[in-house]
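Below: the structure, in structure tokens.
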Amino acid sequence: MHTSSVVPVMDKLIIYQIFTRLFGNQKTTNIHDGTYAENGAGKFNDINEAALQSIRQFGVSHVWFTGIVEHATQTDYSAFGIKPDDPAVVKGRAGSPYAVKDYYDVDPDLAVDVLNRMAEFEALVQRTHAHGLKVIIDFVPNHVARQYASDARSGDVVDLGETDDTSVHFSPNNNFYYLPGEPFVGPEAGNVSSAGSPIHEYPAKVTGSGSITARPDINDWYETVKLNYGINIFDGSRHFDPIPDTWHKMLDILFFWAGKGIDGFRCDMAHMVPVEFWHWAIGRVKQRYPRLIFVAEIYDPGLYRSFIFEGGFDYLYDKVGLYDALRRLMEGHGSCYELTRVWQQESGDFAQHMLRFLETHDEQRIASRFFANDPWAAVPAMTLTATMHTGPTLLYFGQEVGVRAEGSEGFSGDDGRTTIFDYWGLPDWQGWLNEGRYDGAGLTDDQRDLRSFYQRLNHLVNGSDAIQNGYFYDLQYVNDNGQSAGYDAHRVYSYLRYTDRQKLLIVCNFSQHITYETNIIIPQAAFDAMGINPSRTLRLSDIFLTDMQLEAVGRSGIPLELPPRSVRVLEIKL
């Protein structure tokens, strides 16, 4: 209940991210750098009643449909009145969903009937809501496709850049930044399109990453251009009064999509846009849509507090803190001391605002050889991700069945990530997809067991008052340094979650090979906080993965055997 919304919103969301182009694709031809015709694409309509019912039964509250807004692509839709993009400034055959080509339209790849594409998206929103799920889509505010031009905007909307003064590097009234006198020279194929005509961008615009060059590198965001929010990137000066033109245009885009009935925005690279804009825009959107949530992709802990309490974001990515610490543990190095550091030094006093995850479209798959090489390595890390604090949890589609993302798909190389740039079908997802039935009939036994773990975890979160609403108490400081025999504070992490109605002791063993026999100490201060007399005999029952039950006198500690990569979620009763 700690959100900037005018109307309180429960923080313990479970968000399921769907990469829409891949989710329902049943073709696994998977020709390297294949075309749409060769490799296919999932559609809005593929996310059918069976898919949504399975997601709801899985324990999800929100679905983040990724890649909805129309973006640059090498597929030619000119027959439908859509201007083609030059392949020299498109990454991959399908193109990046973060190189937005038209903020007022949806990706034609996702439609069965391209001319009816927006209606198909609107039907998906309605279908999702009918299953008791809420809808999140991307808002990409920092940059647009190199050849951005909206053909779906209403007649009263002035397009981005349409009235810019291109003779100057910067003006508060411009939507883009310019390099007068310099033509854009792209890194791809000598800057010549497949049709043989050079890209004509003169003067060159500043690249989406902020690179002030007319010749961006192949590893840069060369397919995008940066939007101007009133910060002069050439001298650092800020020009927010009067309100810059870009602010008004982006607010109109937010209102456009909010009007489609969505329930939230995941804001791409939000920290690259000034917090003053977010304060101004989020406040105005929430006046009209008070229950709509804003999630920020952000990678600078120094900005967390301002983007929540000044910018108005409901939730921020907890990537450089919790994700990075858990990843090191899952890979067999790192230390649980880092987990304590995250809440003590980064986000402990606003942990309910942090979105926790182990996979997204940007990150490598847990099962890939680039990460843990074993999807079961996620058991302690995902349990902690979901239960350490209030605040939302994110799962990426395919994580629950151990998708590995092996091989090079095209523009996306062999890097352990599921491609966002190429047309592709996921072979190790097809067992759950099962020709559109979404019933898992083709899964292996190991995949079924893995998915069962994730579903049980979701249901644990949804059914626990302590996890939903409770206080957090870190137990490391009373168990480390030999205080508790057999307790390795680098590999074992223990904590309490508690309310008046429920008390939980949660213990995670991150070791890949070691079974620990230890005695978890709970200090007097924690017993006082929970209102428990430590002289009493406690009855503890595992309410998650085992049927273990034990009794122990509180002040004597809780004796536990912790197999490798195991967790215990013990409900404490007198």
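The values are calculated or read from the model by the stated rules, or taken from the named source; none is laboratory data. In this text, all values refer to a predicted model and were calculated from it rather than measured experimentally. As a convention, Cβ positions derive from the backbone with ideal geometry for all residues, glycine included, and neighbour counts pool all protein chains shown. Side chains included, ligands, DNA and RNA excluded: accessible areas come from the protein's heavy atoms. Shrake-Rupley method; radii C 1.70, N 1.55, O 1.52, S 1.80 Å.
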#### Entry: Cα convex hull volume per residue for segment 414-507 (Å³)
199
### Task
Hey, can you grab everything whose amide H is under 5 Å from the amide H of T207? Only 5+ residues off in sequence or another chain; H modelled, so Pro and N-termini drop out.
T213, K226
#### Entry: Relative contact order (%) - criterion: Cα under 8 Å, at least six apart; region: the chain
14
### Task
Would you please name the chymotrypsin sites (Phe, Trp or Tyr not before Pro) within segment 456-496 that are DSSP coil residues with at most 14 other C-beta atoms within 10 Å of their C-beta?
none
## Note on the structure
So the carbon and sulfur contribution to the accessible area of the chain, 1.4 Å probe, in percent, is 48
### Message
I'm checking a number: the convex hull volume of the Cα atoms of segment 54-147, normalised per residue, in Å³. What is it?
### Response
109
### Task
Pairs of Cα atoms under 8 Å, at least six residues apart: use those to get the relative contact order of segment 83-159, whole percent.
43
## Note on the structure
Expected vector for segment 269-282, Karplus 3J(HN,Hα) from phi with 6.51, -1.76, 1.60 and θ = phi - 60°, integer Hz, x for Gly and Pro, equals 6, 4, 6, 8, 10, x, 4, 4, 5, 4, 4, 5, 6, 4
### Task
Would you kindly state how much longer the chain becomes between L574 and D528 on full extension, computed as 0.36 nm times their sequence separation minus their alpha carbon distance, in nm to one decimal?
15.1 nm
### Query
If each of D445 and A123 carries a label point 7 Å out from its Cα toward its Cβ, how far apart are those two points in nm?
4.1
#### Entry: Residues with amide H under 5 Å from that of N25, placed H, sequence gap 5 or more
G42
### Task
For the chain, state what percent of all Cα-Cα pairs lands in each successive 10 Å bin, counting from 0 Å until the bin that includes the largest distance.
3, 17, 26, 25, 16, 8, 3, 1, 0
### Task
Over all alpha-carbon pairs in segment 385-445, figure out the percentage whose distance exceeds 19 Å.
45
### Summary
Largest-first semi-axes in Å of the equivalent ellipsoid built from the Cα gyration tensor of segment 445-574 are 23, 19, 12
### At R0 = 51 Å, FRET efficiency that the Cβ-Cβ distance of T499 and S237 yields, to 0.05
0.55
### Query
Karplus couplings for segment 214-226 from phi (6.51 cos²θ - 1.76 cosθ + 1.60, θ = phi - 60°), rounded to Hz, Gly and Pro as x?
7, 10, x, 6, 4, 8, 8, 7, 5, 7, 10, 10, 7
### Query
In percent, how large is the relative contact order of segment 373-446, given Cα pairs closer than 8 Å and 6 or more residues apart?
18
### Query
What is the spin-label model distance, in nm, from S306 to N173 if the labels are put 7 Å beyond Cα along the C-beta direction?
2.9
### Summary
With the charge dipole of segment 274-317 built from beta-carbon charges (+1 for Lys and Arg, -1 for Asp and Glu) about the Cα centre, the Cα from F309, P274, L292 projecting farthest to the positive end belongs to L292
### Query
Among bridges DSSP assigns within the chain, what percent are antiparallel (round to 5)?
60
### Query
How long are the three semi-axes of the equivalent ellipsoid of segment 169-306, in whole Å, if each is the root of 5 times an eigenvalue of the C-alpha gyration tensor, listed from largest down?
31, 18, 15
#### Entry: Rg to Rh quotient for segment 242-308, alpha carbon positions, Kirkwood Rh
0.95
### Query
Counting only protein chains, not ligands or nucleic acids, how are R215, R404 ordered by accessible area (probe 1.4 Å), most first?
R215, R404
### Message
Starting from a Cα-only point model with no solvent, please compute log10 I(q)/I(0) by Debye for segment 26-93 at q = 0.15, 0.18 1/Å.
### Response
-0.70, -0.90
### Query
Taking 0.36 nm per residue of separation and subtracting the Cα-Cα distance, what length does fully extending D362 through D217 add?
50.2 nm
### Task
Rounded to whole Hz and in sequence order, give me ³J(HN,Hα) for segment 59-64 from the Karplus expression 6.51 cos²θ - 1.76 cosθ + 1.60, θ = phi - 60°, writing x for Gly and Pro.
x, 7, 10, 10, 10, 9
